[in-house]
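Below you'll find the structure, written out as structure tokens, and then a few comments.
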Amino acid sequence: MIEDDLNDAELLTRKLRSSGFSVESERVDKLSDVRRALAERDWDLVLCDHSMPGFRSADVIVLLNEYDPPTPMIVVSGAIGEVEVVEALHLGAASYVDKGTLSRLVPTIERVLKEAKLRREHRIAQHRLELVQAAVESAHDLIFILEMKPDGTSKVAYVNEAAERMTGFSPAEVALRGFAGLHGHDTDSAAVERLLNAMSRGEEVTAELLLFHRNGSRRWVETSIRPIASGERRFVSVSRDITERKTIEAQLAYLAMHDPLTGLANRALLDERLEMELAKARRSGRHVAVMLVDFDNFKYVNHACGDEMLRELARRLRGSVREVDTVARLGGDEFVVVITSVATPEFVSDTARRILGAVSEPLVVDSQLWNMSVSIGVALYPNDAPEAKGLLKGADAALYRVKESGKNDFRFFAPVSLLESAIPE
């Protein structure tokens, strides 16, 4: 209370307490004390007489405006003209009450305190909004606000600055292109459809999608979409770049199914491919050949040259068969070739001879000339065995006979003459 009359100050205090207010107040009558009181604590309200010894209410308003937010002030005075009231309100006074009509004091205070509370809540909300906006704009993730249209399509209501970094398009361009405009023909259409269906039901949904850049490059993103408020058909979409994770996953998946030295299929992938080819052969009535290929005299090759020779053997084996055929390394110097859709034994024999010829080409490793050769055992489905295990066992038996008879050759598990009538032209 900025009041030089003790009786008036006491009258105001009784009026407030009788109206249900819990009052804790301090009365001051000097401008220096006003400054001190404002600095020492936060006040809910300032009640100020207009004319004080040495200063006026306008001087108090100037002091109050130095604080953010300023404490609301009501001018309570009996000696003030209309022009001065207007000036005080213009400078920032919250209201004016004439000391002669104190019945207006309580409702005026209630209104002023309510307005101050609303302004304070608005400022807090605005501050939070500014913090959220700053966080969203500085986020590395691509963030959309989407609105669902009645026809099931979506409209971009907002997109953050990460759009330009992740897509090459400005936020305004992204908004025009729309959410679906950032996905290309390689994007999983089923995943996009699942997102749209979940949005139409107002549900939360997550999917991994390919996002395309303006320059034609693409990256994997994990897109999570959540409804903002039920009934408004608005959603927030957050797309996080997971390209590195997907690359690592692909590398791990590749390593799990391929030989690290040669890049050929390993035993796990061989088993999978062989079972798949046998299933296809059962449906089509075609035949499958399984070749077991063993490096001749590999135990005499030193380790320094051995790895390079195995890699070169893998390249020559791969180059001697069709794309549809499978070449695998079982380990050491053992390899397997699966020939699909076999029509005649001659086709298998020609493939074996082509492998022997390709392998026999001299190889230079560390300035040293090497002559390589392999032995090949062959088993045919369904004549020699109806399943993968039996075919590999038959091919191994045929390989053993090649090794016994001098190596650098191929042999069928059963005589070819017995097979010719069983394989359709």
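The values are calculated or read from the model by the stated rules, or taken from the named source; none is laboratory data. What you see is a predicted model; the values in this text were computed from it and never measured. Ideal geometry is used to build each Cβ from the backbone, glycine not excepted, and the neighbour counts take in all protein chains shown. Side chains included, ligands, DNA and RNA excluded: accessible areas come from the protein's heavy atoms. Shrake-Rupley method; radii C 1.70, N 1.55, O 1.52, S 1.80 Å.
Excluding ligands, DNA and RNA, the accessible surface per residue across the chain is 54 Å² with a 1.4 Å probe. Element breakdown for the chain at a 1.4 angstrom probe: carbon and sulfur atoms account for 52% of the accessible area. For a modelled paramagnetic label at Ala414, 7 Å from Cα along Cα-to-Cβ, the residues of the range 356-400 in reach, with backbone nitrogen under 12 Å, are 379-386. The calculated FRET efficiency for Asp366 paired with Asp151, based on their beta-carbon distance and R0 = 56 Å, is about 0.20. Among Ala191, Ala328, Ala37, the largest mean-square fluctuation in a Gaussian network model of the chain, built with springs joining Cα atoms closer than 10 Å, belongs to Ala37.
The simple spin-label model puts a point 7 Å past each Cα toward its Cβ; for Asn297 and Ser200 those points are separated by 7.1 nm. Among Glu84, Glu275, Glu308, the largest mean-square fluctuation in a Gaussian network model of the chain (Cα springs under 10 Å) belongs to Glu84. Counting Lys and Arg as +1 and Asp and Glu as -1, what is the net charge of the other residues whose Cβ lies under 14 Å from the Cβ of Val34? Charge balance near Val34 sits at -3.
Using Cβ point charges alone (K and R +1, D and E -1), the dipole size of the range 102-207 about the Cα centre works out to roughly 920 debye. Working from label points 7 Å from Cα in the Cα-to-Cβ sense, the Lys246 to Leu118 distance is 5.0 nm.
Annotation for Lys389 and Ala125: the two label points, set 7 Å from Cα along the Cα-Cβ direction, are 7.2 nm apart. With the cut-off at under 15 Å, measuring from each backbone N in the range 237-253 to a point 7 Å along the Cα-to-Cβ line of Ala268 picks out 249-253.
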